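Colleague: Below: one structure in structure tokens.
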Number of protein chains: 2
Amino acid sequence: MTQEVHIFDRALALEHSDTQSGLFAGAASQDYWNMVGPFGGTTAALALRAVLQHPDLLGTPIALTVNYASAIGPGPLEVLAIPVRTNRSTQHWRMEVRQSGEDGRMQVNTTATAVTAARRETWSGHDLPMPQVPPPAQVERFDMGPKGVAWFNKYEMRPVRGAIPASWDGAEAPSESMLWLRDAQPRALDFCSLAAMSDLFYPRVWLRRAKPVPAGTVSITTYFHADAAQLQEAGTGYLLGRAQGQQFFNGFFDQAAQLWSEAGRLLATSNQIVYFKE
Amino acid sequence: MTQEVHIFDRALALEHSDTQSGLFAGAASQDYWNMVGPFGGTTAALALRAVLQHPDLLGTPIALTVNYASAIGPGPLEVLAIPVRTNRSTQHWRMEVRQSGEDGRMQVNTTATAVTAARRETWSGHDLPMPQVPPPAQVERFDMGPKGVAWFNKYEMRPVRGAIPASWDGAEAPSESMLWLRDAQPRALDFCSLAAMSDLFYPRVWLRRAKPVPAGTVSITTYFHADAAQLQEAGTGYLLGRAQGQQFFNGFFDQAAQLWSEAGRLLATSNQIVYFKE
């Protein structure tokens with residue numbers, strides 16, 4: 001019996017084309033296509049995947065910042081991952097996603113940095129308990145229907161509150177959303193899917209203003225609060241995702257997000273700054 | 001009458017040594033010295049200053065991520081700032097702070113990225129109002145006294161709550177701090193001081209555990225929600241800073257922070273991930 005490769009792993013497939021230079025070869029995923037390029041979450045996951053596949057990797061991901069400099073088009077791409085500095089227990093990475101431009105020259109579409117570390121066991125605690133919400137089975141699944149962009153139905157989303165406005169009536173409202181989420185096709189949680197899921201929330205400005213203005217993530221930073229054991233515990237279960245806008249000002253707003261395991265463990269905290277129009 | 005250069009501007013003094021390569025020459029500031037290197041906030045500000053001094057700069061800062069790969073030592077340093085991609089209204093930067101290592105070769109001590117943008121006027125709003133706190137004049141100034149590290153008294157800090165624990169008794173407590181803050185020697189707010197002030201909070205784990213364990217910022221990301229007009233409005237006034245830990249897990253915790261102007265405008269939101277021991 002052969003095990004089928006999960007659609008998300010196909011999207012992240014990278015071949016280490018040149019170990020010396022840290023270059024990996026891959027392709028933009030049509031399965032996770034958004035409106036003008038792949039879902040930004042997969043791009044973040046791709047940059048992280050290159051780090052995790054690098055033979056010189058130390059430890060597990062602690063921090064990931066991804067800057068979307070330009071839309072990624074269909075077809076081949078390359079990912080650069082360089083361990084800029086390796087300390088005793090931490091490692092600092094610089095990444096780029098590149099594609100061939102119209103003139104045939106490689107262009108940088110995404111810049112990124114990451115920190116990985118060999119964690120040691122310490123005191124642990126939290127200051128942000130999971131909000132009290134109904135369990136996933138009691139929350140209806142959101143179905144965007146046939147008009148949905150390709151990546152959307154790759155995830156199962158059960159909005160507890162703050163779903164995409166049913167009517168674009170321009171009524172101002174709080175920008176907080178909470179939803180249960182997981183891969184639509186079951187897949188055990190790992191750092192790459194956690195990175196992608198951190199970018200799962202639709203633009204806060206749509207909710208805040210009940211107006212679907214053009215918007216796109218410019219930069220996202222995700223911190224990981226998990227080791228192999230915590231990921232294994234989460235498995236193929238649901239995560240509770242929460243996202244809220246903080247400040248909307250002259251073309252950009254920020255979004256703070258958290259992802260808890262179904263058991264209530266805060267696995268990732270993520271922030272992004274998003275471009276919007278009007 | 002000559003105007004004296006502010007101590008913070010002396011700390012950030014950079015000479016554009018090579019326009020072509022984006023290299024700037026500076027020095028680690030003794031005035032803002034922390035325990036094993038300069039205050040991380042000045043390092044973040046230094047990386048940003050290089051971008052702002054670069055002749056190819058487009059717009060004003062939107063996002064800044066700084067990764068502290070290794071402690072910066074005393075003496076000369078160089079800052080690299082490269083505009084990796086320039087779009088119509090946004091620009092993506094990659095930066096490094098480097099110093100000569102023991103073997104005489106330049107080493108990367110800090111990696112960073114930034115996004116700058118030409119903002120356009122749009123609808124603006126917020127979802128994170130300034131907490132209700134007593135005005136600065138009614139809050140006592142915190143004085144760490146002669147044992148304080150050099151950078152500390154460069155800021156005036158008036159803790160509203162969550163001051164450094166008076167006794168290290170190991171009693172667990174919420175990790176939230178709020179304080180009024182500004183440059184001790186008056187200086188009009190700009191993007192560099194806003195970047196530095198975003199890193200002003202002492203380690204959340206000290207407050208959470210009432211235990212002064214070794215800790216240091218590994219990576220910080222700051223989003224700017226201001227234009228020249230908002231900075232001018234803030235001027236030399238106080239900012240209200242709020243910081244809270246979210247998750248503490250096996251050697252690292254994250255901190256979410258906000259900085260409001262005295263008039264109640266959210267000027268910056270900042271997140272960091274911090275190493276801690278035990």
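The values are calculated or read from the model by the stated rules, or taken from the named source; none is laboratory data. Bear in mind that the values here come from a model prediction, so they are computed numbers and not experimental data. Glycine also receives a Cβ, built like all others from the backbone with ideal geometry; neighbour counts cover every protein chain displayed.
Colleague: Just checking, which of A:Ala25, A:Ala13 is in a loop (DSSP other than H, G, I, E, B), surrounded by fewer than 24 Cβ atoms within 10 Å (Cβ to Cβ), out of contact with any His (no Cβ under 6 Å at 6 or more places or on another chain) and in contact (Cβ under 8 Å) with a residue 12 or more places away in the chain?
Modeller: A:Ala13
Colleague: Please list, ordered by residue number, the helices (runs of 4 or more DSSP H) wholly in segment A:155-254 having 1 or more residues that are without any contact (Cβ under 8 Å) to a residue 12 or more places away in the chain.
Modeller: Because the criterion is at least 1 residues that are without any contact (Cβ under 8 Å) to a residue 12 or more places away in the chain, the helices (runs of 4 or more DSSP H) in segment A:155-254 that meet it are A:228-234.
Colleague: Filter segment A:214-248 for residues that are of a type in the set (Phe, Trp, Tyr) and surrounded by 24 or more Cβ atoms within 10 Å (Cβ to Cβ); which is nearest to B:Gln272 (Cα to Cα)?
Modeller: A:Tyr223
Colleague: Those residues that are charged (D, E, K, R) and within 13 Å of chain A (Cβ to nearest Cβ), I need them from segment B:80-104; list them, please.
Modeller: B:Arg85, B:Arg88, B:Arg94, B:Glu96, B:Arg98
Colleague: Still on this model: Looking at A:Val149, A:Val133 in this structure, which one is more than 22 Å from the chain's Cα centre (by Cα) and either assigned to a loop (DSSP other than H, G, I, E, B) or among the polar types (S, T, N, Q) (or both)?
Modeller: Going through A:Val149, A:Val133 in turn, the sole match is A:Val133.
Colleague: Across segment B:86-117, what is the total count of residues that are over 27 Å from B:Gly216 (Cβ atoms) and of a type outside the set (Gly, Ala, Ser)?
Modeller: The number of residues fulfilling the criteria is 7.
Colleague: A:Glu140 - would you say it is loosely packed, with under 13 Cβ neighbours inside 10 Å, charged (D, E, K, R) and modelled with pLDDT of 95 or more?
Modeller: Here the answer is yes, as A:Glu140 does meet what is asked.
Colleague: If B:Ile62 satisfies all but one of (1) more than 8 Å from chain A (Cβ to nearest Cβ); (2) in contact (Cβ under 8 Å) with a residue 60 or more places away in the chain, what's the number of the condition it fails?
Modeller: Answer for B:Ile62: the failing condition is (1).
Colleague: Would segment B:191-199 turn up any residue that is out of contact with any strand residue (DSSP E or B) (no Cβ under 7 Å at 6 or more places or on another chain), small (Gly, Ala, Ser), over 21 Å from B:Pro131 (Cα atoms) and surrounded by 23 or more Cβ atoms within 10 Å (Cβ to Cβ)?
Modeller: So far as segment B:191-199 goes, yes, one or more of its residues are out of contact with any strand residue (DSSP E or B) (no Cβ under 7 Å at 6 or more places or on another chain), small (Gly, Ala, Ser), over 21 Å from B:Pro131 (Cα atoms) and surrounded by 23 or more Cβ atoms within 10 Å (Cβ to Cβ).
Colleague: When the residues of segment A:80-109 are narrowed to those that are of a type in the set (Gly, Ala, Ser) and under 20 Å from B:Ile273 (Cβ atoms), which ends up nearest to the chain's Cα centre (by Cα)?
Modeller: Filtering segment A:80-109 for residues that are of a type in the set (Gly, Ala, Ser) and under 20 Å from B:Ile273 (Cβ atoms), the one nearest to the chain's Cα centre (by Cα) comes out as A:Ala81.
Colleague: Let me ask something additional. Can you name the number of the only condition in (1) closer than 23 Å to A:Arg242 by Cα; (2) at the interface with chain A (Cβ under 10 Å from one of its Cβ atoms) that B:Ala243 fails?
Modeller: (2)
Colleague: Could you please tell me which pairs satisfy a Cβ distance under 9 Å, a separation of 6+ or placement on different chains, a first residue in segment A:259-272 that is farther than 20 Å from A:Ala45 by Cβ and more than 9 Å from every other protein chain (Cβ to nearest Cβ), and a second residue that is assigned to a strand (DSSP E or B) and hydrophobic (A, V, I, L, M, F, W, C)?
Modeller: A:Glu262/A:Trp180; A:Glu262/A:Leu239; A:Glu262/A:Leu240; A:Gly264/A:Leu240
Colleague: In this structure, does A:Val51 turn out to be of a type outside the set (S, T, N, Q) and assigned to a strand (DSSP E or B)?
Modeller: Spelling it out, it is not the case that A:Val51 is of a type outside the set (S, T, N, Q) and assigned to a strand (DSSP E or B).
Colleague: Of the conditions (1) of a type outside the set (Ser, Thr, Tyr); (2) at positive phi; (3) facing chain A (nearest Cβ under 9 Å), B:Phe248 satisfies every one except a single condition; which number is it?
Modeller: Unmet condition: (2).
Colleague: I've got another one for you. Whether any residue in segment A:121-128 is closer than 30 Å to A:Val84 by Cα and either under 22 Å from the mean Cα position of the chain (by Cα) or polar (S, T, N, Q) (or both) is what I want to check.
Modeller: Yes, segment A:121-128 has at least one match.
Colleague: Pull up segment A:152-186, narrow it to residues that are within 19 Å of A:Ala256 (Cα to Cα) and small (Gly, Ala, Ser), then point me to the one that is nearest to the chain's Cα centre (by Cα).
Modeller: If we take residues in segment A:152-186 being within 19 Å of A:Ala256 (Cα to Cα) and small (Gly, Ala, Ser), then A:Ser177 is nearest to the chain's Cα centre (by Cα).
Here is a yes/no grid of residues against (1) under 23 Å from A:Ala228 (Cα atoms); (2) away from every other protein chain (no Cβ under 14 Å); (3) buried (at least 24 other Cβ atoms within 10 Å of the Cβ):
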| position | (1), (2), (3) |
| --- | --- |
| A:Leu46 | yes, yes, yes |
| A:Val51 | yes, no, yes |
| A:Leu57 | yes, yes, no |
| A:Ala71 | no, no, no |
| A:Glu78 | no, yes, no |
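Colleague: Name the residues in segment A:162-197 that are over 19 Å from A:Leu266 (Cα atoms) and touching a Leu at 6+ places or on another chain (Cβ under 9 Å), would you?
Modeller: A:Gly162, A:Ala163, A:Ile164, A:Pro165, A:Ala173, A:Pro174, A:Ser175 - these are the residues of segment A:162-197 that are over 19 Å from A:Leu266 (Cα atoms) and touching a Leu at 6+ places or on another chain (Cβ under 9 Å).
Colleague: Within the set of pairs 6 or more residues apart or between chains, which connect a residue that is more than 22 Å from A:Val66 (Cβ to Cβ) and not assigned by TED's automatic domain parsing to the domain that holds B:Leu64 inside segment B:95-114 to a residue that is surrounded by fewer than 24 Cβ atoms within 10 Å (Cβ to Cβ) and of a type in the set (Ser, Thr, Tyr) with Cβ atoms less than 6 Å apart?
Modeller: Nothing qualifies.
Colleague: Can you tell me which residue in segment B:173-203 is nearest to the other protein chains (Cβ to nearest Cβ), limited to those that are charged (D, E, K, R) and farther than 18 Å from B:Val66 by Cβ?
Modeller: By that ranking, first place goes to B:Glu176.
Colleague: Can you tell me which residue is surrounded by the fewest Cβ atoms within 10 Å (Cβ to Cβ) among those in segment A:28-44 that are under 13 Å from A:Arg10 (Cα atoms) and among the small types (Gly, Ala, Ser)?
Modeller: Here the residue is A:Ala28.
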